[in-house]
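In what follows, a structure is listed as structure tokens, so that the remarks can point back to it.
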Amino acid sequence: MKTYAVSELVKEVKVLLDRNQESAGLLTPGDTDTLSQGELIQSKIVDAARIILMDAPAFMLDGKDYNGLNTSWAESNGAYVGTIHLPSDMIRLLNVKASDWKRSAEIITEDDDAYKVQCSRFGVRGNPERPVAALIHRSGERLLELFTSKSNTATVSLTYVSMPSIIEGNIDLPETLKDSIVYMAGYLTCISLGDTDTASGFLGVARKLAHIVEPTTS
């Protein structure tokens, strides 16, 4: 991660907007009933970062390591299934591994078909050789279920992407994604200004810089 002054990111977005006279002219210093252009851009920085961090490939991200987790293991059909309360600031899980697993887990959600077989007694669920971690919701909480361990004392570590935030005028971002986030902030700003044509161009550049595959239509 690298720390960036939000004021400098705002300046970079302004440069993008100034290249397009339509967007730059939609807000003028005399607009007393709306945010100034700088304030509007700044209001989009965190959202832009979150969007890119959610969609960018894992190799471009800087994750936060979380070790020594409080894991609850329960016996299930001759093995142990773990449950973890996820960090409150997590927006994306990158990696999870228990101490007796041969490799990191395949990450699924409770909506995936693979989740339906995780409590099966017939050996098709996750195990230390081919572990599975499932993101689930229960009683309004986000949890991670771990399939499975041979022990109820296994320790767990995970790597995740945390929610970006502005602290004392600064924001921490992966250096590899800074330019993409600037373009995404430009996109969000143009959408707010009603300049959809320029917004579309900024979105394409943002996704390309972040190596995000464009959605396909059939």
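What ranking do 127-135, 55-63 get when scored by the average of other Cβ atoms within 10 Å per residue, highest first? Display every interim value, and only then the final one.
Working: 127-135: 18.4, 55-63: 15.2.
The densest-packed peptide leads the list: 127-135, 55-63.
Mark the label point 7 Å from the Cα of Glu141 along Cα→Cβ and return the residues of the stretch 62-83 whose backbone N is within less than 15 Å of it.
What the label zone holds, given the 15 Å backbone N cut-off, is 69-74, 82-83.
What number, rounded to the nearest 500 deg cm²/dmol, is the helix-based mean residue ellipticity at 222 nm of the chain, given -39500 (n - 2.57) per DSSP H run of at least four residues and division by all its residues? If you can, show how the numbers build up before the last one.
Details: 5 runs with 68 residues, N = 218.
After summing the helix terms and dividing by the residues of the chain, the value is -10000 deg cm²/dmol.
So what is log10(I(q)/I(0)) for the chain at q = 0.11, 0.15 1/Å, when the Debye sum runs over its Cα atoms only?
Here log10 of I(q) over I(0) equals -0.66, -0.95.
Show me the ranking of peptides 65-74, 169-178 by mean Cβ neighbours inside 10 Å, starting with the highest. Walk me through the numbers before you get to the answer.
Values: 65-74: 13.3, 169-178: 17.2.
Highest to lowest by the protection proxy: 169-178, 65-74.
So, R0 is 22 Å and r is the distance between the beta-carbons of Ser157 and Phe122; what FRET efficiency does that work out to, to 0.05?
Details: r = 29 Å, r/R0 = 1.34.
FRET efficiency, Ser157 to Phe122: 0.15.
Grab the beta carbon distance between Glu106 and Met1, set R0 = 25 Å, and tell me the FRET efficiency rounded to 0.05.
Working from the Cβ atoms, E equals 0.40.
Charges at C-beta only: +1 for Lys and Arg, -1 for Asp and Glu. How large is the resulting dipole of the chain about its Cα centre, in Debye rounded to 20? Write out the running numbers ahead of the final one.
Details: 21 positive and 29 negative charges, 193 e Å.
Rounded to the nearest 20 debye, it is 920 debye.
With every protein chain left in place, what is the accessible area of Arg207 in Å² (1.4 Å probe, nearest 10)?
Estimated to the nearest 10 Å², Arg207 gives 40 Å².
Exceeding 24 Å between C-alpha atoms, which entries from my cross-link table qualify? They are Lys64/Lys97; Lys97/Lys208; Lys102/Lys178. Kindly include the intermediate steps, with their values, before the conclusion.
Working: Lys64/Lys97 14 Å; Lys97/Lys208 31 Å; Lys102/Lys178 35 Å.
Violating the 24 Å limit, Cα to Cα: Lys97/Lys208; Lys102/Lys178.
Once phi is turned into θ = phi - 60°, what whole-Hz ³J(HN,Hα) does the Karplus curve with 6.51, -1.76 and 1.60 give for every residue of the stretch 58-74, x standing for Gly and Pro?
Per-residue couplings from phi come out as 4, 5, 9, 9, 10, x, 9, 7, 9, 10, x, 6, 7, 10, 9, 9, 10 Hz.
How much of the accessible area of the stretch 81-218, probe 1.4 Å, is carbon plus sulfur, in whole percent? Provide the component values of the computation, followed by the final result.
Values: 3610 of 7240 Å².
Answer for the stretch 81-218 is 50 percent, counting heavy atoms of protein chains only.
Relative to the Cα centre, what is the charge dipole magnitude of the stretch 30-142, using +1 at the beta carbon of each Lys and Arg, -1 at the beta carbon of each Asp and Glu, and rounding to the nearest 20 debye? Before the final figure, lay out each step's value.
On the way: 13 positive and 17 negative charges, 135 e Å.
I would put it at about 640 debye.
Roughly how many Å² is the accessible area per residue of the chain, as a whole number, for a 1.4 Å probe?
Numbers: 11970 Å² over 218 residues.
Roughly 55 Å² per residue, with all protein chains present.
The values are calculated or read from the model by the stated rules, or taken from the named source; none is laboratory data. Here the structure is a predicted model, which means the values were calculated and not measured. All Cβ positions, even for glycine, are placed from backbone atoms using ideal geometry, and neighbour counts span all protein chains on display. Heads up: the accessible areas ignore ligands, DNA and RNA and are worked out on the full protein's heavy atoms, side chains in. Shrake-Rupley method; radii C 1.70, N 1.55, O 1.52, S 1.80 Å.
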